[in-house]
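Presented below is the structure to which this report refers.
Every number here is computed from the coordinates shown, using simple stated rules; none is lab data. Remember, predicted model here, so these are calculated numbers, not experimental data. Here the Cβ positions follow ideal geometry from the backbone for every residue, glycine too, while neighbour counts run over all protein chains shown.
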Amino acid sequence: MSAAYVLSNATVATMADTASDYGLIDAAAIAVDAKGSIAWVGPATDLPKEYNGWATQDVEGRVITPALIDCHTHIVHGGNRALEFEMRLNGATYEEVSRAGGGIVSTVSATRDADEVTLLASALPRVDALIAQGVSVIEIKSGYGLDIETELKMLRVARQIAEQRPIRISTSFLGAHAIPKDADADTYIDEVCIPALRAAHAEGLVDMVDGFCEGIAFDTAQIARVFDVAQELGLPIKLHAEQLSNIGGTVLAAKYGALSVDHVEYANAEDAAALGQTGTVAVLLPGAFYTLHETQAPPVAAFRKCGVPMAVATDWNPGSSPMGSLLLAMNMACTLFRMTPAEALAGTTRNAARALGLTDCGQIAPGMRADLALWNVSAPGELAYGIGINPLHKRIFKGHTA
Ligand code: DI6
Ligand code: FE
């Protein structure tokens, strides 16, 4: 347990629900209590007397934001797909690579072949790269096992990461990610995916349930069967939807009160309206858009109009988004999708927390965890502006510099 302290002389982007844009406070102070929570934030001149006795750290005018949250990753996986990258650049499409037995299925073999120690050892440098950019929460999906044993193995490794590093991990069961080679999709859902979900849940390995609703993966009826079990188990859901085509995944997910729908390049105005009604977050993944040479951008203007909260994540995976920088994802969300820098930062803080169902982080406000990022920039808009620049000064995790 750390002692209580006050960070002073800061430019704070609170990203609070109640604030517009960044919720900027100049010449601000943040009081962090001994339990690692934020006790107070505001202009330093208004600091209540009760905090006067707390140790003060002058942050020399730096910008402080909530620590970042990467709300969509597949960082536990075996092998890599550099060969597939070359195939695509020689003319093959993502669907062709997938139908030729490449794509997700090739990562499945590599993940099945790797033991827990190997998987953990390959995931930790990815985690470290995100921590070095001020990330405090990472969502990690299963989905490269496609058998009961390997799905559980991936999730166990995801849980172990939080024991090895100062990071919070949220897990998503993504058994419905791809159809195993030579398998029938319906049989796979009923005989492998759903039993794997039940087993993983029984071991406490599942925080959320995800799926890939797409022509090359599972249709809405198959995904609905998985979601019914998620509901029965009391688990929140999210969905990879409308990434390559529109087959109704977004509307289905909204019906189930999903936390988020992810990718959504092919979502339309009706989809945006459905999300607006349920408060479901649209998670935008510019790394996959970029890697796949996609040209259809997600309907950001419609999301704005319908009040759909937007998040931004790396989708770090070996196929469609081998992207190890959340700051770069923010930059690309602005340049490729026309998000504003303030929306991009909300997308990796407040709205990313919401996409994970977390209510104690992603904003600088009393009662929230003191998960903070201190940046060597003079304004928060610089975070999305730089391309491949990491201006992190230091990260604070639950009150501790780490
Ligand atoms: N959509 C994606 O972009 C990733 N998964 C998904 O459902 C791709 C994963 C991969 O290609 O390995
Ligand atoms: Fe994904």
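Identify all residues within region 73-107 that are aliphatic (A, V, I, L, M) and near ligand 1 (Cβ under 10 Å from one of its atoms); write none if there are none. So that I can check it myself, show each step before the final result.
We begin by selecting, within region 73-107, every residue aliphatic (A, V, I, L, M); these are 75-76, 82-83, 87, 89, 92, 97, 100, 104-105.
Listed by number, the residues that qualify are VAL97, ILE104, VAL105.
Could you please find all residues in region 172-192 being more than 16 Å from ligand 1 (Cβ to nearest atom) and either within 24 Å of the chain's Cα centre (by Cα) or more than 30 Å from ILE138 (Cα to Cα) (or both)?
Residues of region 172-192 more than 16 Å from ligand 1 (Cβ to nearest atom): 182-184, 186-187, 190-192.
Residues satisfying the conditions are ASP182, ALA183, ASP184, ASP186, THR187.
Starting from residues that are of a type in the set (S, T, N, Q) and under 26 Å from the mean Cα position of the chain (by Cα), keep the ones in region 1-28 and report whichever is surrounded by the most Cβ atoms within 10 Å (Cβ to Cβ). Outline the logic, then answer.
Keep residues of region 1-28 that are of a type in the set (S, T, N, Q), which gives 2, 8-9, 11, 14, 18, 20.
Imposing the further condition that a residue be under 26 Å from the mean Cα position of the chain (by Cα) reduces the set to 11, 14, 18, 20.
Values: THR11: 21, THR14: 25, THR18: 8, SER20: 8.
Restricting to residues being of a type in the set (S, T, N, Q) and under 26 Å from the mean Cα position of the chain (by Cα), the top hit is THR14.
Out of the strands (runs of 3 or more DSSP E) lying entirely within region 1-95, which hold 1 or more residues that are in contact (Cβ under 8 Å) with a residue 60 or more places away in the chain? Before the answer, list the steps.
Numbers: elements: 5-13, 24-32, 38-43, 55-58, 63-66, 68-70.
Answer list for region 1-95: 5-13, 24-32, 38-43, 63-66, 68-70.
Can you name the condition, by its number, that LEU244 falls short on among (1) touching a residue at least 40 places away in the same chain (Cβ under 8 Å); (2) crowded, with 24+ Cβ neighbours inside 10 Å; (3) more than 20 Å from ASP207 (Cα to Cα); (4) hydrophobic (A, V, I, L, M, F, W, C)?
The number of the failed condition is (2).
Which residue out of ASP219, ASP210 is within 16 Å of ligand 1 (Cβ to nearest atom), surrounded by 15 or more Cβ atoms within 10 Å (Cβ to Cβ), touching a residue at least 60 places away in the same chain (Cβ under 8 Å) and among the acidic types (Asp, Glu)? Before the answer, list the steps.
Values: ASP219 fails: touching a residue at least 60 places away in the same chain (Cβ under 8 Å).
Checking each option against the conditions leaves just ASP210.
Restrict the check to region 332-339 and report whether at least one residue is crowded, with 20+ Cβ neighbours inside 10 Å, over 15 Å from ALA19 (Cβ atoms) and in contact with a Lys or Arg (Cβ under 6 Å, 6 or more places away or on another chain).
No, every residue in region 332-339 fails to be crowded, with 20+ Cβ neighbours inside 10 Å, over 15 Å from ALA19 (Cβ atoms) and in contact with a Lys or Arg (Cβ under 6 Å, 6 or more places away or on another chain).
Mind checking which residues of region 271-299 are in a helix (DSSP H, G or I) and touching a Leu at 6+ places or on another chain (Cβ under 9 Å)? Even if it seems obvious, please write down each step before you answer.
Residues of region 271-299 in a helix (DSSP H, G or I): 271-278, 286-291.
Listed by number, the residues that qualify are PRO286, GLY287, PHE289, TYR290.
Among the residues of region 134-166, which ones are in a loop (DSSP other than H, G, I, E, B) and surrounded by 22 or more Cβ atoms within 10 Å (Cβ to Cβ)?
Filtering region 134-166 down to residues in a loop (DSSP other than H, G, I, E, B) leaves 134, 142-147, 165-166.
Within region 134-166, GLY134, SER142, GLY143, TYR144, GLY145, LEU146 meet the criteria.
Taking the residues in region 253-273 that are among the small types (Gly, Ala, Ser) and crowded, with 21+ Cβ neighbours inside 10 Å as candidates, determine which candidate is farthest from ligand 1 (Cβ to nearest atom). Step through it out loud before you land on a result.
Here is the first cut: in region 253-273, the ones among the small types (Gly, Ala, Ser) are 253-254, 257-258, 260, 267, 269, 272-273.
Still in the list and also crowded, with 21+ Cβ neighbours inside 10 Å: 253-254, 258, 260, 267, 272.
Details: ALA253: 14, ALA254: 19, ALA258: 15, SER260: 13, ALA267: 15, ALA272: 20 Å.
This residue is ALA272.
Among what's in region 121-133 and is in contact with a helix residue (DSSP H, G or I) (Cβ under 7 Å, 6 or more places away or on another chain) and under 12 Å from ILE167 (Cα atoms), pick the residue that is surrounded by the most Cβ atoms within 10 Å (Cβ to Cβ).
At the first step, the residues of region 121-133 found to be in contact with a helix residue (DSSP H, G or I) (Cβ under 7 Å, 6 or more places away or on another chain) are 123-124, 127, 130, 133.
After this cut, where a residue has to be under 12 Å from ILE167 (Cα atoms) as well, the list is 124, 127, 130.
On the way: LEU124: 16, VAL127: 23, LEU130: 25.
Among residues in region 121-133 that are in contact with a helix residue (DSSP H, G or I) (Cβ under 7 Å, 6 or more places away or on another chain) and under 12 Å from ILE167 (Cα atoms), the one surrounded by the most Cβ atoms within 10 Å (Cβ to Cβ) is LEU130.
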